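Structure record follows, encoded as C-alpha cells.
The values are calculated or read from the model by the stated rules, or taken from the named source; none is laboratory data. Keep in mind it's a predicted model, so treat the numbers as computed, not measured. In this analysis, Cβ positions are derived from the backbone assuming ideal geometry, glycine residues included, and neighbour counts consider all displayed protein chains. With ligands, DNA and RNA removed, areas are computed over all heavy atoms of the protein, side chains included. Shrake-Rupley method; radii C 1.70, N 1.55, O 1.52, S 1.80 Å.
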Amino acid sequence: MAGTGANTLARAEQFIWLTARVLEQRRFAHGFLGGGPDAVETALSAYLNEDGGYGHALEPDLRGPVSQPLHTAHALSVLDSIGRCDGQRVERICRYLTDVSTKEGALPALLPTQRGYPAAPFIPIVDDPPAELLATGPVVGLLHGNQVWHAWLFRATDFCWSAVDALEQSHPYEVEAAIAFLDGAPDRARAEAAADRLGRLVREQRLAVLDPSRTADYPVATGYAPGEHHFPHDYARTPGSLARRWFTDEELERSLDHLAAEQQDDGGWPVAWRRWAPGTALEGRPLVTLRALETLRSYGRPLG
C-alpha cells in the first residue's frame, strides 16, 4: 500500500495508461486532463447493441456480447459523467429498459440470455428473474437527476419507492442502490425522510466501517468476499448526497483518509469484491481508481 502525496494523480495516470480499457482511458482524460466528451462517447458506443442495450463486458463481471441491465446502467453512468444523458441516446436506452422490465415495470439484475457466457458466480442466472432495487434504483435516480421524462419511469419509480420503504434488513450494495435512487428522486421531502431512516438502518446494522483502524470488528455481508467492507465514502460519494448526513465530519474524514491511503504502489486502487477470473480484476481496478479519484476530488482532497 502506498502513501498519499502530491503525485496521487500522476501515479494514477500511469496506472490508467498501463492497464485500462480505452473507455476508462478516455474517461480519465475527460475527467482529469481536459479531454472532450466526444471521445468518451465514441469509446462507449463499442459496447452498444442493436437492441439499444449495452453488453460486451462493459460491466466486467458479466462477459459475452449480450445486453444486460447492469451493463446498460453502467453506460448511463458514463453518459451522465460527460453531460450527455439526454436526447436520442437516452430515448433508445429507455426503450430497451421497457423491453426487458419485469411485470412490475422494473429491472432484474441479470437476464437469462447471459446463460452460456461467463459470469461471476455470485450473480445467479435464473429463468424468471425478479425485479431488484439493486438494478433499478441507480438507473431511476440517474434519469430523474438528469430530468429525463419517459413512460418507463412511472412504474419503475413506484417500484423503487416500495422497495426502499420495505427495507428492514439490507446489505451494502443494496443500500448504495437505494441512496442512488433517493439522490435523484423528484419528491425531495419523501427522499430525505427515507434517507434518514436508511441511515439509521446502516448504523444499526453496522453496514459502514466507521473506524478503519478496526475494520475487522465490522461484519461482512453474506456472500461478500472476505474483507469486502463498505465505508462512509462508498455511500456518500459526493458532499451533496443524502448519505452525507449519516456520518459525522470525523467519520467521513477518517473514511476519506482510508480511501486515499488505499492507492497501491502501481498507482491504482484495489478491488474489494470477489475475484473470480484474472481479466475481471484487471478491468475492474481502473473503474475503482476512477471512482476513488472522483470521490476524493468531490470532497476537495488534493490530488497533485
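Quick notes
- Hull volume in cubic angstrom per residue (convex hull over the Cα atoms of the range 184-281): 138 Å³
- Overall form of the chain per C-alpha gyration tensor (a/c, 1.5; a/b vs b/c): rounded
- Rel. contact order, % - alpha carbon contacts under 8 angstrom, at least six apart, the chain: 21 percent
- With the helix formula -39500 (n - 2.57) applied to DSSP H stretches of n ≥ 4, the chain reaches a computed 222 nm mean residue ellipticity of -16000 deg cm²/dmol.
- Fully extending the segment from Y117 to H150, taken as 0.36 nm per residue of separation minus the present Cα-Cα distance, adds 8.7 nm.
- The Rg/Rh ratio for the range 91-173, using Cα coordinates for both the radius of gyration and the Kirkwood hydrodynamic radius, is 0.98.
- Given a 1.4 Å probe and the protein chains as shown, E294 ends up with an accessible area of around 70 Å².
- Rolling a 1.4 Å probe over the protein chains gives W152 an accessible area of about 10 Å².
- Dipole axis of the range 180-236 (+1 Lys, Arg; -1 Asp, Glu on Cβ), positive-most option in Q205, A225, G184: Q205
- Heavy-atom accessible area ranking, 1.4 Å probe, most first, across T98, T215, T222: T222, T98, T215
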